[in-house]
1. Got a sec? Which of E116, E86 is among the acidic types (D, E), over 27 Å from D244 (Cβ atoms) and crowded, with 21+ Cβ neighbours inside 10 Å?
2. Within the stretch 178-224, which residues are more than 10 Å from the ligand (Cβ to nearest atom) and farther than 23 Å from V144 by Cβ?
3. Please verify whether the stretch 59-66 includes one or more residues that are surrounded by 12 or more Cβ atoms within 10 Å (Cβ to Cβ), without any contact (Cβ under 8 Å) to a residue 60 or more places away in the chain and over 22 Å from V95 (Cα atoms).
4. Please enumerate the residues belonging to the stretch 162-174 that are crowded, with 19+ Cβ neighbours inside 10 Å and without any contact (Cβ under 8 Å) to a residue 40 or more places away in the chain.
5. Of everything in the stretch 135-157 that's in contact (Cβ under 8 Å) with a residue 12 or more places away in the chain and charged (D, E, K, R), which residue is surrounded by the fewest Cβ atoms within 10 Å (Cβ to Cβ)?
6. Scan the strands (runs of 3 or more DSSP E) fully inside the stretch 132-225 and keep the ones with 1 or more residues being at pLDDT below 95, assigned by TED's automatic domain parsing to the domain that holds F303 and more than 14 Å from the chain's Cα centre (by Cα).
Amino acid sequence: MPEIAQERRCLAAKPDRLAGIVQNVKGRLTQFRLISRMFRNWPELVLFRLGLRNQVIAKWRSGASVAIHSLQDWYNLQRGCLWSMELLKAYCCPVCVRDDKIELTFRGKPLRFQAESVAISFGMLVEQFVNEQYKWLCVRGKQVLDVGANIGDSAIYFALNGAAHVYALEPYPYTYLQARRNVELNDLERQVTVLNMGCGQEGMVTVNPELKSEPSSNLVQHETGEMVPIVSLKRIVESYGLSDAVAKIDCEGCEYALILGAGDEELRAFSQMMIEYHHGYQDLVDRLKKAGFQVTHTRPVDFQNVVTGRSEVVGFIKAMKPSK
Ligand SMILES: C[S@@+](CC[C@H](N)C(=O)[O-])C[C@H]1O[C@@H](n2cnc3c(N)ncnc32)[C@H](O)[C@@H]1O
């Protein structure tokens, strides 16, 4: 039996080639859609991306233009801060950076974010407010647990979508303070509580308080620094009286300790969960099904984590508790 379980874990952990191809095709289609939204001369750019032109002047709809001489130039442009900013402008107009703050508009509401690293923050704001990656979760009137809050982007998204209250957990002190600041900047303190805590197996971890963590930073023990509590799902559910709640979990691998270490009672305190998995889905899916959830997952794809230097197998799990 243990061997079978081991084999299933490995199978689940292998990146799926078909998923990779599908993702690639979807990515290209999305890119063409974005190109048409971001550039005035989008047909020329599509020809360039199809390999039918060697170089092109990319003319942003916002006015500026940039010369592209090679595919490498194009990739550099896409990775840069300007790309994310123009993308945000195309969808959440108007966007500007003023006094170290990014300002944008989401569904008519002006938002402000403190931008320590403008490039990284833009990327996350695009995921939240352009791609709306957590749109599947129905948070209106619900308590929401946001594990892996980072700069508060997802917590603010849930609050704007009508969550009754969001409990957002971020273990890295520096990033936690940014999340708090962003919640304050948007006057959402009454709706969002940001907590300087990690999730997983109960205990404490020592972290470097100065560390400007990145979204892909997992929680690692430092020799010296600030002690931060790590809390289990049971503790969170009991402390904040969660029931019929919604969970978003994106915490760079803590999802296994959090979900597999939880009892049925605390899992059932949630009616919906959306979890990003980083090392395969099978154990998580099995556990959630055993607790009575209806579960679906995306196919695993390979991801090279530049922060840890490790390759990961990532995707999303969606779990819904059937109504009685
Ligand atoms: C990719 S970011 C999440 C960004 C964004 N809020 C979202 O959900 O799309 C993942 C965050 O998880 C945090 N994290 C890492 N280990 C964690 C743990 N054990 N418990 C909670 N959060 C953790 C990281 O510091 C990072 O800010």
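1. Numbers: E116 fails: crowded, with 21+ Cβ neighbours inside 10 Å.
After applying the criteria, what remains is E86.
2. G203, M204, T206, N208, P209, E210, K212, Q221, H222, E223, T224
3. Among the residues of the stretch 59-66, not one is surrounded by 12 or more Cβ atoms within 10 Å (Cβ to Cβ), without any contact (Cβ under 8 Å) to a residue 60 or more places away in the chain and over 22 Å from V95 (Cα atoms), which makes the answer no.
4. Step one: of the stretch 162-174, the residues crowded, with 19+ Cβ neighbours inside 10 Å are 163, 166-172.
Result: V166, A168, E170.
5. Of the residues in the stretch 135-157, the ones in contact (Cβ under 8 Å) with a residue 12 or more places away in the chain are 136-157.
Right, trim to charged (D, E, K, R) and you get 140, 142, 146, 153.
Values: R140: 11, K142: 23, D146: 33, D153: 23.
Across the stretch 135-157, the extreme among qualifying residues is R140.
6. Numbers: elements: 143-147, 165-169, 192-195, 203-207.
Once the strands (runs of 3 or more DSSP E) in the stretch 132-225 are filtered for at least 1 residues that are at pLDDT below 95, assigned by TED's automatic domain parsing to the domain that holds F303 and more than 14 Å from the chain's Cα centre (by Cα), what remains is 203-207.
The values are calculated or read from the model by the stated rules, or taken from the named source; none is laboratory data. Worth saying up front: this structure is predicted, and the values here are computed from it rather than measured. Glycine gets a Cβ as well: all are built from the backbone with ideal geometry, and neighbour counts include every protein chain shown.
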